[in-house]
1. What does the convex hull of the Cα atoms of chain A come to per residue, in Å³, rounded to a whole number?
2. Along each principal axis of its Cα atoms, how long is the range A:47-186 end to end? Whole angstroms, biggest number first, please.
3. What 222 nm value per residue comes from the helices of chain B, counting each DSSP H run with n ≥ 4 as -39,500 (n - 2.57) and dividing by all residues, nearest 500 deg cm²/dmol?
4. Using Cβ counts within 10 Å as a stand-in for footprinting exposure, how do B:CYS63, B:CYS161 rank, fewest first?
5. Rg (Å, one decimal) plus Dmax (Å, integer) for the alpha carbons of the range B:147-225?
6. What does the charge count around A:SER204 come to, taking other residues whose C-beta lies under 11 Å from its C-beta (Lys +1, Arg +1, Asp -1, Glu -1)?
7. Most exposed first by the Cβ proxy, i.e. fewest other Cβ within 10 Å, how do B:SER28, A:SER122 rank?
8. What are the equivalent ellipsoid semi-axes of the range B:43-135, built from the alpha-carbon gyration tensor (square roots of five times its eigenvalues), in whole angstrom, biggest first?
Amino acid sequence: MASTQLTKKRVPASRSTVAMKYAMAVSGLIMVGYLILHMYGNLKVFGGQEAFDAYAHHLRTFGEPMLPYEGLLWIVRVALLASVLVHAWAAITLWRRNKAAAGYSGGKRYHSSKGATGVQRSYASFTLRWGGVIILVFIVYHLLHLTANVISPGGASDSPYQRTVNGFEIWWVVLSYTIAVLAVGLHLWHGIWSALTTLGQNRSKTRLASRLTPLAWFVSAVITIGFLLPPWAILLGITG
Amino acid sequence: MKITVRIWRQKGPEAKGTMVPYELDDVSEHMSFLEMLDVLNERLTLEGEEPVAFDSDCREGICGMCGVVINGIAHGPEVTTTCQLHMRTFNDGDTIDIEPWRAGAFPVVKDLVVDRGAFDRIIAAGGYITAPTGSAPEANNLPVPKIDADHAFEAATCIGCGACVAACPNGSAMLFTAAKITHLGLLPQGQPERESRVLNMVEQMDAEGFGSCTNIGECTAACPKGIPLDVISQLNRDLMGALAKPGSA
Ligand code: HEM
Ligand code: SF4
Ligand code: FES
């Protein structure tokens, strides 16, 4: 077997798995940026109905008359849709490929029951793929609920504030929302570090020594807490 | 010491393998891990059984031949090569699981032996520099900043053992490939081929069927040579730079 022959079929580096990771990292970070803005909007619920509804209205009239009504919103929606599609496509393509690359034999990679949780892996790194699927399912449900108001637990309303409060007075709405937000938090706990490293920003010898790791923890903690405050405050009757 | 080893036995590339237990009554704690396997093999040979096939060459931690997965961890519990691991790391009465590297790109040849030819082909695709042969050049003609020299040297210590791939949950060869990209890319001699190198090595890495990196870092935890994780970001920076050049891809 001549091991120096480069006979395997090659695809250009611009379509390599590494390039795919760039697409995944950029699309992921676009969504993170959106989540931070979205969280800021949600926290307006503590300002009361007028502030919240005015903000929602403002988003729709932003840039008028240069932009049509809801113009900015549609730009953001298209960018987000593209990000989700690119991200999920790359995730699923690489997921399948990596499974084959890990060389399983008879349903298992290593038969030893020891060392199954790795040496220094984080719990979050185990949850990215199925966590991502949970997030995807939640996004669909969430849009049907609060954006389109096709499903309206607690009662439909023309006021975004009222829709939010009606929904979050119901325990199972808060519960499903909480699970999804925790899934996002875990996803970003590893994902933000991973994206920045994929984009060439890590200069440390190990994952835990890198400054990017606490940065990822901080941003994901802020996003998680920021998203959980409004629903729990409404459920517990602190606001709304 | 009394030790039970459970070893992956597989007759050939296409055969189905399985874990087979063997008991060893008289293991000295001063033995290296491979000596323990030698003792087992002598016994198996005397008993007329097929000895366990495993790779080794230097037995001093520099050739990269000897990797096996011990108790689910590449090269076992110490951060060193299998040949440099000693039985004193284990306790009397322990059961030790020994398996070959698992990766789609490293097919099992027999028992614990895998074919790591994919690594050679990645190196052949770009892990070299072009230099005139003949009399040695004057060393002081090419100054290298100390920090780059140190970092390049650190990356150059990779022995191509494949533990990074065996430890990676995605079977990715990023640490190995990135170590070579960093080693040559930081030195002046590596500049002429810097862009073609990263393009060609990444293409070959994919063609061999290795997985993609999710920056988990198990590779660096398993690497007997302490190749640092930042080499992966270095590869990413080099590849982004090369792809940004018009007409590169
Ligand atoms: C649509 C459903 C989703 C799926 C199936 C999914 C799946 C994945 C997977 C498998 C990874 C790779 C893990 C790794 O690189 O270690 C990943 C990374 C990432 N995800 Fe997601 N994800 C989804 C949604 C999201 C959302 C909504 C966000 C942002 C809020 C996000 C942000 C990220 C980031 C920043 C990364 C790191 C990218 C990188 O490693 O280069 N993901 N995702
Ligand atoms: S990077 Fe480390 S683990 Fe990987 S082949 Fe080189 S020496 Fe072995
Ligand atoms: S036999 Fe050479 S490194 Fe172990």
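Derivation of every value follows stated rules applied to the coordinates shown; laboratory data play no part. Note that the structure is a prediction, hence the values are computed from the model and not measured. No Cβ is skipped: glycine too gets one built from the backbone with ideal geometry, and neighbour counts run over all protein chains shown.
1. Enclosed volume per residue, from the Cα hull, is 193 Å³.
2. 62, 38, 27
3. Numbers: 8 runs with 86 residues, N = 249.
Taken over chain B, the calculation gives -10500 deg cm²/dmol.
4. Working: B:CYS63 16, B:CYS161 27.
Arranged by neighbour count, lowest to highest, B:CYS63, B:CYS161 become B:CYS63, B:CYS161.
5. In Å, with Rg to one decimal and Dmax whole: 12.6, 35.
6. Working: positive: A:ARG203, A:LYS205, A:ARG207, A:ARG211; negative: B:ASP230.
Taking every other residue near A:SER204 into account, the sum is +3.
7. Ranking B:SER28, A:SER122 by Cβ neighbours within 10 Å, fewest first, gives B:SER28, A:SER122.
8. On the way: eigenvalues 193, 57, 41 Å².
Working through the eigenvalues yields semi-axes of 31, 17, 14 Å.
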